[in-house]
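Since the structure comes first, as structure tokens, the remarks are kept for the end.
Every read-out reported here was derived from the displayed coordinates using simple, explicitly stated rules and does not represent laboratory data. Just so it is clear, the structure is predicted and the values come from calculations on it, not from any experiment. Using ideal geometry, Cβ is built from the backbone for each residue, glycine included, and neighbour counts are taken over all protein chains shown.
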Amino acid sequence: MTTTDPPPLIPTLGGNWYVDDRVFAAEQERIFERMWFCAVRSGDLADPGRFRRVRVGRESVLIVRGRDGELRAFLNICRHRGAMLCTEDEGEVRRTLRCPYHAWTYGLDGKLVAAPNLGALRTASGEAIDRVAYGLVPVALREWLGYAWVCLAAEPPSFEGDVVSAVTARLGDPTVIGTYGIEGLAVGHRVVYSVAANWKLIVENFMECYHCATIHPELTDVLPEFAHGLAAQMFVGHGAEFGTDIAGFTIDGAAGFDPLPGIRAEQDRRYYAITIRPQVFVNLVPDHVIIHRMYPLAVDRTVVECDWLYTEDVVDREQDVSRSAELFHRVNQQDFAACERTQPTMSSRAYRDGGVLVPAEHHIAEFHEWVSHRLEEVG
Ligand code: FES
Ligand SMILES: [Fe+2]
């Protein structure tokens, strides 16, 4: 091979990585239950008593706004005999969370506040019940970009090192993400997709644009460099530029809204895509931000919740976001259809040893190495 030869093909993971329940169980334990997991939009739980239940790895996690205004996360398990405390995905309680089985009742701070005959109950050593020790099991929670991120690890990894640095590495400058003011934006549109595909297929799809020219006609109309030019496809983090005749990031290229107030001139008319491992995609365009959160439910099933975020002014005045939201909704449908077309064949003997990555996809190999490495770590 000479230095002018194109880089060679690189092998992918074998098909069993996408269909084997044991692989998925290991990923739940060693990836989703150990890393920071973007769980809910903080603004969805604006009022005290509002809660949301999410699945993180194998656990059910409850996120609730306290009367003091704080968001907290707990394992959704009653400390008495283990009944699931909340069986609804979201809702609102007044002051307490009450187990429907024997009525042990917890404050929004997780403390045990009532139970039948609580005052008469004693521990094995004869002491009164400690209401904190018998309270809900807390889960670490951090708020960033207007989302509550939770971590089930007893000693969570550095949030800055794992989450913030993924964004900085992609955008180059740590101050850029702040210019979008994402924590202050409002949800103008949300779609929840139930995708019959392994979560890694969705990550890999998001990481490359080799497929863009084939399946994303509307997106490549807006971002022509996604249709040609390998370098542009590989470095989308540097910001793909809108086509010259494109006024905004909308389904037909018509004008969108005013640019977000903080962004700089060089960020205008550009699209940036960022993957935050293991389950978040951030898409930045001048007038809105699109955030995907994945909830891997089974080896072949992933729920993706996608938020389109706009200024409060756009959302409060009920401006029409449909043309703007339709573009990425179309992209999502096209991407998820491709993933669903790939999932059933992962168990074929033809894919036992996997496929190949072309040069425009070579960076996916690093994702594969990362997953393999996480699964090799001794539990
Ligand atoms: S299991 Fe919850 S009160 Fe008994
Ligand atoms: Fe795509």
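Can you give the net charge of the other residues whose Cβ lies under 10 Å from the Cβ of Thr179, counting K and R as +1 and D and E as -1?
Cβ neighbours under 10 Å give a net charge of 0.
May I ask you to sort Leu121, Leu375, Leu108 by Cβ crowding, counting other Cβ atoms within 10 Å and putting the fewest first?
With the fewest neighbours first, Leu121, Leu375, Leu108 line up as Leu121, Leu375, Leu108.
Quick one: which residues, 5+ away or cross-chain, put their amide H under 5 Å from the amide H of Trp144? H built at 1.01 Å from N.
Counting only residues 5 or more places away or on other chains, the set is Trp149.
What's the exposure ranking of Arg81, Arg301, Arg293, going from fewest to most Cβ atoms within 10 Å?
Placing the least packed residue first, the sequence is Arg81, Arg301, Arg293.
Tell me the mean residue ellipticity at 222 nm calculated for the chain from its helices only (DSSP H runs of n ≥ 4, each -39500 (n - 2.57), averaged over every residue, nearest 500).
Rounded to the nearest 500, it is -6000 deg cm²/dmol.
Considering the dipole of the chain built from charges on the beta carbon (Lys and Arg +1, Asp and Glu -1) around the Cα centre, which of Gln267, Thr214, Trp104 is farthest to its positive end?
Trp104
Say R0 is 30 Å: what FRET efficiency, to the nearest 0.05, do Arg67 and Ala254 get from their beta-carbon distance?
Calculated value: 0.10.
When a footprinting reagent is the concern and you count Cβ atoms within 10 Å, what order do His216, His373, His368 take, fewest first?
By the 10 Å Cβ count, ascending: His373, His368, His216.
Among Leu201, Phe32, Pro278, whose Cα projects farthest towards the positive end of the dipole of the chain, with charges put on the beta-carbon of Lys, Arg (+1) and Asp, Glu (-1)?
Going by the charge dipole, the pick is Phe32.
Under unit Cβ charges (Lys, Arg +1; Asp, Glu -1), what dipole magnitude, rounded to 20 debye, does the chain have relative to its Cα centre?
Approximately 1760 debye in magnitude.
What FRET efficiency comes out for the pair Glu88/Asp245, r = Cβ-Cβ distance, R0 = 41 Å, nearest 0.05?
With a Förster radius of 41 Å, E is 0.25.
Can you find, among Val303, Ala255, Ile290, the residue farthest towards the positive end of the dipole of segment 235-312? Put +1 on the C-beta of Lys and Arg, -1 on that of Asp and Glu.
Val303
So how strong a dipole does segment 36-156 carry about its Cα centre when Lys and Arg Cβ are +1 and Asp and Glu Cβ are -1, to the nearest 20 debye?
Computed charge dipole of segment 36-156: roughly 260 debye.
How much net charge surrounds Ala197 when only other residues with a Cβ under 12 Å from its Cβ are counted (Lys, Arg +1; Asp, Glu -1)?
Neighbour charge sum, excluding Ala197 itself: -1.
Whole angstrom only: what separates the Cα centroid of segment 270-326 from the Cα centroid of segment 72-130?
Distance between centres, Cα-based: 35 Å.
Return, in residue-number order, each cysteine of the chain whose C-beta is not under 4.7 Å from any other cysteine's C-beta.
Result for the chain is Cys38, Cys86, Cys151, Cys306, Cys339, no neighbouring Cys Cβ within the cutoff.
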